[in-house]
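The values are calculated or read from the model by the stated rules, or taken from the named source; none is laboratory data. Nothing here was measured: the structure is a model prediction, and the numbers come from that model. All Cβ positions, glycine included, derive from the backbone under ideal geometry; neighbour counts span all protein chains shown.
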Amino acid sequence: MKAIQLPSLILQGKCPKCHQGNMFQSQNPFHPKKGYQMVKNCPHCQQATEPEPGFYFGAMFISYAINTAFFIIVWTALTFIYPNYSLTVLLSLLALTVILMLPLTFRLSRTIWIYIFVKYKPEIELENQS
């Protein structure tokens, strides 16, 4: 696996072990019913998407970092576009950004978190090809 592929795999929500199966039931993060639902096991390699109860508590820290980045981006953009903004405008835009990006940050933080702990096994792909 090339390091350049890793961000693409994380953004696509692919299994960290085999890089083939999807971690979420729907590929659309904004799907009203299945957007947040994860599959129990990878359909390709059977890797559990929740290795232990409470596994994703640490993903909250990843989500916090992602939302902080969004805050900085919105604040910087607002400062350049409209330098005399009010605090109400800033807080409204920040709240709107967080609410609209929630499905993406949820998936992204969980995917990054599991990629930290579950390592890629290239032999799984080779076994399935032969």
Exercise. Would you say residue 77 is loosely packed, with under 15 Cβ neighbours inside 10 Å and not charged (D, E, K, R)?
Worked result: yes
For this session: Those residues that are of a type outside the set (Phe, Trp, Tyr) and either within 15 Å of residue 99 (Cα to Cα) or modelled with pLDDT under 95 (or both), I need them from the range 59-74; list them, please.
Result: 63, 66, 67, 68, 69, 72, 73, 74
Exercise. Are any of the residues in the range 66-73 in a helix (DSSP H, G or I), more than 30 Å from residue 22 (Cα to Cα) and not acidic (Asp, Glu)?
Worked result: yes
For this session: Report yes if some residue within the range 80-88 is under 24 Å from residue 28 (Cβ atoms) and either of a type in the set (Phe, Trp, Tyr) or assigned to a helix (DSSP H, G or I) (or both); otherwise report no.
Result: no
Exercise. Among all residue pairs at least 6 apart or on different chains, which show Cβ distances below 7 Å where the first residue, located in the range 113-130, is surrounded by 10 or more Cβ atoms within 10 Å (Cβ to Cβ) and among the hydrophobic types (A, V, I, L, M, F, W, C) and the second is modelled with pLDDT under 90 and not in a helix (DSSP H, G or I)?
Worked result: none
Exercise. Does the range 18-33 contain any residue that is loosely packed, with under 11 Cβ neighbours inside 10 Å, under 17 Å from residue 109 (Cβ atoms) and touching a residue at least 12 places away in the same chain (Cβ under 8 Å)?
Worked result: yes
